[in-house]
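Note sheet for the following structure.
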Amino acid sequence: MKDRIRKLLEIKKESPSDFAQKLGVQRSSVSHIMSGRNNPGLDFLQKILTSYPDINPDWLLLGKGEIFRKPLDNDDIHETPRARSEDPVEYKSEKQQTPEKVIVLFSDGTFRFYGSSDFL
């Protein structure tokens, strides 16, 4: 993990001090992680991914894939064609359906997950 954080700083051309300031953490926290004394916690990793939305979480957390997220192409987005009439189509189901989960994607690359307990 520390090697990937070191690589991130190298690519972004930031010092550990700049990195700490951008994340809003103490410089000693970054120093302890970079030296291997401490492992980064969940809060620290979330701050990295929030501050650097272009970083691939799989790369940061697992060392898999490319360092940067692949940008979405228009070919990656599939839309369901709307009905030709101007009126919305209403689908009826015999049983009542309740949502299980909702994922909200934000323009900065972050997301928020809502589970079924959030709907009650």
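The values are calculated or read from the model by the stated rules, or taken from the named source; none is laboratory data. For clarity, every value in this text was computed on a predicted model and none was experimentally measured. Every residue, glycine among them, receives a Cβ derived from its backbone with ideal geometry; neighbour counts consider all protein chains shown.
Using beta carbons and a limit of 9 Å, which pairs, at least six apart or on different chains, have the first residue in the stretch 6-35 and touching a residue at least 12 places away in the same chain (Cβ under 8 Å) and at positive phi and the second one assigned to a helix (DSSP H, G or I) and surrounded by 15 or more Cβ atoms within 10 Å (Cβ to Cβ)?
Note: pairs meeting the criteria are 24/47.
Any residue in the stretch 54-73 that is of a type in the set (S, T, N, Q) and at pLDDT 75 or above?
Among the residues of the stretch 54-73, at least one is of a type in the set (S, T, N, Q) and at pLDDT 75 or above, which makes the answer yes.
Anything in the stretch 59-70 that is within 19 Å of residue 106 (Cβ to Cβ) and surrounded by 14 or more Cβ atoms within 10 Å (Cβ to Cβ)? List them, or say none.
Within the stretch 59-70, 60, 69 meet the criteria.
Being under 17 Å from residue 107 (Cα atoms) and of a type in the set (Phe, Trp, Tyr) is the filter here; which residues of the stretch 41-58 pass it?
Answer for the stretch 41-58, where residues must be under 17 Å from residue 107 (Cα atoms) and of a type in the set (Phe, Trp, Tyr): just 52.
Looking only at the stretch 5-44, count every residue that is within 17 Å of the chain's Cα centre (by Cα) and crowded, with 16+ Cβ neighbours inside 10 Å and tell me the total.
Of the residues in that region, 5 qualify.
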